[in-house]
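Asker: Attaching a single structure in structure tokens format; questions to follow.
The values are calculated or read from the model by the stated rules, or taken from the named source; none is laboratory data. On a predicted model such as this, the values are computed, not experimentally measured, just so you know. All Cβ positions, even for glycine, are placed from backbone atoms using ideal geometry, and neighbour counts span all protein chains on display.
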Amino acid sequence: MKPQGRWGMGAMEGEDMPIMRLIKQLDLSKDQKEQMRVIVSGSTNTMRDLHAKMQALAQTQAELFSQDTPDEAAVLKAADEISQVRSAIGKMQIKQMLAIQKILTPEQRVKVRETMKNHLEKRENMVRDHKRMRGEDNKGDRKPEKAPDADAKAVPSACDAAPPPAKAK
């Protein structure tokens, strides 16, 4: 049995990998599929290692934060290391997509661009909807509580009532 997980599956079997979903839509030739397998499998182990490293760094950062008095320098160092790993992952994904684009026909490249555009639009909509549900505007700031309408009539309370008349002696 093959190991499970995003980067643990065989390079062409990782159905949860976005690139694999895209490949299925392209109607690749047998030769293209083999070239694709080589491209994807060439980075699978490295990608798996980078994700494991990022998880370990995130765990370390969480442990640092959980201390009564977190060491600011150590927390920031962990954040920098996480950023470096994320950058390496992003660059690897870009290199992979560039290599894949080289083996595609012009029609397949158009399909890739359309698919990526649709994916980005869906992602942007999800982020926007999530922010809207959390009450944030498009700048990420929370919307202030709505101020009472100045034209609205105030509802009198018991505190607003006139004082009782003075008793006669």
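Asker: Would you check if there is a residue in segment 46-56 being small (Gly, Ala, Ser), in contact with a helix residue (DSSP H, G or I) (Cβ under 6 Å, 6 or more places away or on another chain) and more than 29 Å from Asp27 (Cα to Cα)?
Answerer: Scanning segment 46-56, I find no residue that is small (Gly, Ala, Ser), in contact with a helix residue (DSSP H, G or I) (Cβ under 6 Å, 6 or more places away or on another chain) and more than 29 Å from Asp27 (Cα to Cα), so the answer is no.
Asker: Would segment 61-80 turn up any residue that is in a helix (DSSP H, G or I) and in contact (Cβ under 8 Å) with a residue 40 or more places away in the chain?
Answerer: Within segment 61-80, none of the residues are in a helix (DSSP H, G or I) and in contact (Cβ under 8 Å) with a residue 40 or more places away in the chain.
Asker: Then there is this: If we scan segment 127-138, do we find a residue that is modelled with pLDDT of 85 or more, part of a helix (DSSP H, G or I), of a type in the set (A, V, I, L, M) and under 30 Å from Glu34 (Cα atoms)?
Answerer: no
Asker: Would you check if Val75 is under 26 Å from Met116 (Cβ atoms), at pLDDT below 95 and surrounded by 12 or more Cβ atoms within 10 Å (Cβ to Cβ)?
Answerer: Spelling it out, it is not the case that Val75 is under 26 Å from Met116 (Cβ atoms), at pLDDT below 95 and surrounded by 12 or more Cβ atoms within 10 Å (Cβ to Cβ).
Asker: When you check Gln93 against the structure, is it assigned to a helix (DSSP H, G or I) and modelled with pLDDT under 90, yes or no?
Answerer: When the stated conditions are applied, Gln93 passes them.
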